[in-house]
Amino acid sequence: MKKIIISSLILFCVLFLGSCRSGGRVEFVQHEDQIDVMVDNKLITSYLFGHHLSKPILYPVQSPSGEVITRWYPFKEMEGESTDHPHQTGVYFTYGTKGEVNGSSFWYNPHDRPPFTKDQKLPQIRQDKILEMKGGRGKGELATVNLWVDHENKPVLEENRVMEFFVKEDEYKIDFTISLTPVDTVVTFDDTKEGLFAIRVSDWLAENARGTLYESTGEYLNAQGERTEKEIWGKRSPWVRLEGEKDGKSIGVVIFYHPRSVNYPAFWHARGYGCFTANPLGQFEFQRDRGYENPQPFSLRLQPGEPALFKFRMLIYEGTRDLEQLNNEFADFSKN
């Protein structure tokens, strides 16, 4: 009998510890134009996709302890918070300010500022449908189809997006697998620094924000060991980290770019004021501005039905992560 009891206790401990390591339960709660991503009934982010927005975003985004790592503006006014670049909202995937996508610009939209209305904003990335919304212990998956609609209200690209949420006690990861496919015409992405996968961080997490609400404490780090905007901006790297301090806690966010993705490794449009962006498509502008003798355009050109893969991992964590830990994380991400 004692052996049975001991064996049962051992089994219970193994299952309990395994459950703890696997993290909390991920659930999705759907509202109009919004899906909340919950972990054990606590919000970690919301996926916003209403027609009053120019693109789908994750906003706000919180750390495991509940600190908001994205800037509130322009959806919420906080006295002293920076108010530059209202189109930089939450976590987003978009491109172009001067017609770089077949004459249309999706990165910057002059309507991305209050007051927000239900009017269509062209060009616009519109959610077309939800393919999958599945929660679970330690993991959840949300898959959508979005349409890139040009300035003439014509869909030019179909975006198939899968967002996988992996949660643990002191960190969570969001894997983005994004495929862009032309609908019925050739689509060219001209080179620009204004793209592609980005987060606009809270002023406290920035290197040198333009607001006065928080003291900026952020420090970049790339896979080459460089640590400032001046060192990192416009260079290639498999990943970049931004780590800062809020209320005595160290908190960081890392963006990894997968080796199977277009024009790997990415260039980095990583600004001190808080725009933190992986951009594999802006090659010419980055090389030119970094002083290359012969900058080379990339100019991605896709035929109808030809997909382009962009795969990112965003790691949000409490505490600190060093170069070795992040290189190991990238090696794990690269296996899939």
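Miscellaneous remarks
- If the condition is being closer than 25 Å to L213 by Cβ and either surrounded by fewer than 20 Cβ atoms within 10 Å (Cβ to Cβ) or aromatic (F, W, Y) (or both), then region 88-108 contributes Y92, Y108.
- Entry remark, region 247-286: residues being under 20 Å from E100 (Cα atoms) and acidic (D, E) number 1 in total.
- Looking across region 306-336 at every residue that is aliphatic (A, V, I, L, M) and out of contact with any Asp or Glu (no Cβ under 9 Å at 6 or more places or on another chain), the one that is farthest from Q224 (Cα to Cα) is identified as A308.
- Screening the candidates G244, G234 for the property of being of a type outside the set (V, I, T), farther than 21 Å from T97 by Cα and over 15 Å from the mean Cα position of the chain (by Cα) yields one hit, G244.
- If you check T277, T320, T228 for being loosely packed, with under 14 Cβ neighbours inside 10 Å, of a type in the set (S, T, Y) and under 27 Å from V68 (Cα atoms), only one passes: T320.
- Subset tally (residues that are touching an Asp or Glu at 6+ places or on another chain (Cβ under 8 Å), under 27 Å from R161 (Cα atoms) and not in a strand (DSSP E or B)) for region 255-283: 5
- Among the residues of region 145-166, those that are surrounded by fewer than 21 Cβ atoms within 10 Å (Cβ to Cβ) and polar (S, T, N, Q) comprise N153, N160.
- Contact annotation: residue pairs with Cβ atoms under 8 Å, 6 or more positions apart or on different chains, pairing a residue in region 24-40 that is free of Cβ contacts under 8 Å to residues at least 60 places away in the same chain with a partner that is of a type in the set (K, R) and surrounded by fewer than 20 Cβ atoms within 10 Å (Cβ to Cβ), are D40/R25.
- Residues in region 71-101 that are under 15 Å from the mean Cα position of the chain (by Cα) and in contact (Cβ under 8 Å) with a residue 40 or more places away in the chain: R71, Q88, T89, G90, V91, Y92, F93, T94, Y95.
- Some residue of region 129-140 being closer than 23 Å to V262 by Cα and either small (G, A, S) or crowded, with 19+ Cβ neighbours inside 10 Å (or both): no
- In this structure, F310 qualifies as in contact with a Ser or Thr (Cβ under 9 Å, 6 or more places away or on another chain), part of a strand (DSSP E or B) and farther than 15 Å from K235 by Cα.
- Here L43 fulfils each of the conditions (1) crowded, with 21+ Cβ neighbours inside 10 Å; (2) of a type in the set (A, V, I, L, M); (3) without any contact (Cβ under 8 Å) to a residue 60 or more places away in the chain apart from (1).
- Applying the condition of being touching a residue at least 24 places away in the same chain (Cβ under 8 Å), among the acidic types (D, E) and touching a strand residue (DSSP E or B) at 6+ places or on another chain (Cβ under 9 Å) to region 223-279 and asking which residue is nearest to K193 (Cα to Cα) yields E229.
- Residue in region 281-336 that is farthest from W107 (Cα to Cα), counting only those that are among the hydrophobic types (A, V, I, L, M, F, W, C) and more than 20 Å from the chain's Cα centre (by Cα): L323
- For region 51-87, the candidate set comprises residues that are under 14 Å from G274 (Cα atoms) and of a type in the set (S, T, Y); within that set, the residue that is surrounded by the fewest Cβ atoms within 10 Å (Cβ to Cβ) is T83.
- Residue that is surrounded by fewer than 22 Cβ atoms within 10 Å (Cβ to Cβ), in contact (Cβ under 8 Å) with a residue 60 or more places away in the chain, assigned to a strand (DSSP E or B) and acidic (D, E), where the choices are D175, D184: D175
Here, each number is a calculation from the coordinates, and none is a lab measurement. Treat the numbers as computed from the prediction; the structure is a model and nothing was measured. Heads up, the Cβs are rebuilt from the backbone with ideal geometry, glycines too, and the neighbour counts pull from every protein chain shown.
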